[in-house]
1. Can you tell me how much longer the chain between residue 114 and residue 200 gets when fully stretched, taken as 0.36 nm per residue apart minus their C-alpha distance, in nm with one decimal?
2. Ignoring everything except DSSP H segments at least 4 long, calculate the 222 nm mean residue ellipticity for the chain; use -39,500 (n - 2.57) per segment, divide by total residues, nearest 500.
3. What whole-number distance in Å separates the alpha-carbon centres of segment 331-356 and segment 77-124?
4. Taking the chain as the reference, fit the longest principal axis to its C-alpha atoms, fit the long axis of helix 123-132 to the helix C-alpha atoms, and give the angle between the two in degrees, 0 to 90, nearest 10.
5. Could you give the length gained on full extension between residue 73 and residue 29, defined as 0.36 nm per residue of separation minus the Cα-Cα distance, in nm?
6. Relative contact order (percent) for segment 261-412, with alpha-carbon contacts under 8 angstrom and 6 or more residues of separation?
7. As a quick test, which of the pairs 189/322; 107/128; 6/413 have an alpha carbon distance above 22 angstrom in this structure?
8. If you stretched the chain out fully between residue 423 and residue 51, how much longer would it get, using 0.36 nm times the residue separation minus the C-alpha to C-alpha distance?
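Please treat every number below as a calculation from the coordinates, not as lab data. Since the structure is predicted, the reported quantities are computational estimates derived from the model, not experimental observations. Note that we place each Cβ from the backbone using ideal geometry, even for glycine, and neighbour counts take in every protein chain shown.
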Amino acid sequence: MLTLIKNIKELVGVETSPKLRKQGKEMAQLETIKDAYLLIEDGIISKYGAMSEFDTPRPSATPLQEGMVENADVVVDATGKIVCPSFCDSHTHLVYANSREHEFVDKIRGLSYEEIAKRGGGILNSAKATAAASEDELYDMAQQRLEEAMRLGTGAIEIKSGYGLTTESELKLLRVIRRLKENSPMTIKSNFLGAHGIPMEYRRHQEDYVDLVINEMIPRVAAEGLADFIDVFCDKGFFTVDDTARILEAGIKYGMRPKIHANEMAISGGVQVGVKYGAISVDHLEQMGDAEIECLKGSETMPTILPGCAFFLSLPLSPARKMIDAGLPVAMASDYNPGTSPSNNMQLILSMACIRYRLTPEEAFNATTINTAYAMGVSNEVGSIAVGKKANFYITKPIPSLEYMPYSFGENKVETVFLNGKQI
Ligand code: NIG
Ligand code: FE
């Protein structure tokens with residue numbers, strides 16, 4: 001099956017020598033081709049270039065170039081429209097039962113996120129509703145949210161458990177994620193976040209809950225092959241650095257690579273413990289000191305900022321500019337969840353990257369595509385337009401320029417979505 005997208009106003013994010021991630025000054029590099037074509041063969045990007053080369057094939061042109069239009073099963077004319085690699089959303093909690101707008105109102109009236117959590121709201125509120133929901137109900141809700149994210153331009157997504165907090169309930173969430181993986185055209189990675197909150201009955205002996213995660217949950221999750229990653233909410237009022245180290249060690253033994261929630265409430269040591277255990281990413285990072293930036297230098301760990309959460313909770317902004325200027329890579333994901341970031345819209349994250357964190361549009365595209373792909377271990381297959389990668393991209397509505405994408409915040413600019421080369 002051959003698909004040709006022609007007359008593309010601008011093809012964004014092409015890579016002739018693909019990189020697994022972009023850091024420091026490289027983040028400003030976003031190669032584009034104006035007036036371009038893109039050719040897809042059996043779901044994989046097979047060729048791209050300028051229309052001028054395509055219209056008048058030189059004598060040396062390959063047969064494919066000469067016969068492209070005739071051979072193509074599908075031809076899409078993208079005149080006036082831009083083509084971008086799909087967003088990769090490397091941090092979501094998309095499987096949950098209930099929205100939490102009542103807590104949202106409590107926050108407006110003055111309660112903090114921590115205060116709500118202390119009195120059994122927050123994550124525990126979601127855990128209660130999730131326990132009461134059946135696997136099928138959770139699947140139907142999650143599937144609909146996934147579909148919405150897809151329509152907004154997301155092509156790869158990481159999904160965490162973490163609203164279970166009992167062995168059976170955590171397994172239920174992870175089985176929902178497995179079903180999403182089986183049935184969705186999206187690239188999906190699953191993350192076991194049993195250490196997301198401390199259930200009320202463990203409040204006075206938190207270490208017993210950590211033992212439960214290590215001795216019961218992790219082996220059961222591994223036995224069913226349900227998780228690619230293991231995560232811990234390492235922060236003030238949640239899990240300590242010691243808890244985190246113990247849980248990560250246990251997960252690593254079962255082949256789960258760490259990802260960490262760190263430094264949302266306070267400088268928690270979460271960055272350091274994540275880097276020590278080879279975390280693929282450390283996420284949130286609203287609170288960052290020089291020691292945290294130093295520690296990330298030269299590591300394999302992707303610092304991941306969650307602009308939706310900082311916006312929704314009015315948290316301090318992570319020093320993205322400082323990190324990039326220090327030579328680090330930066331990724332930005334949605335943190336889609338009912339408590340701190342009830343939006344699955346990566347277009348909005350792209351806008352916030354520029355408006356709130358002072359990333360240039362080029363840096364913002366890289367932060368939400370190739371670097372988030374890296375943060376979920378799939379940057380060899382998605383995250384840019386490169387020969388051999390999955391044909392996951394979107395075609396915009398007619399728009400004036402690529403800068404218009406972040407500039408025009410709150411408006412859906414995505415018109416058509418292609419995943420694995422197929423129009424969705
Ligand atoms: O990433 N910070 C911890 N976990 C989620 C919030 C979960 C919730 O409040 O339901 C987050 O922001
Ligand atoms: Fe999160």
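1. That pair, residue 114 and residue 200, stretches by 29.5 nm at full extension.
2. On the way: 19 runs with 152 residues, N = 424.
That comes out to -9500 deg cm²/dmol.
3. 8
4. Rounded to the nearest ten degrees, it is 80.
5. Working: separation 44, 0.36 × 44 = 15.84 nm, distance 3.35 nm.
Working it through step by step, the gained length comes to 12.5 nm.
6. The value is 18 percent.
7. From the list (189/322; 107/128; 6/413), the Cα-Cα distance tops 22 Å for 189/322.
8. Separation in residues times 0.36 nm, less the Cα-Cα distance, equals 131.8 nm.
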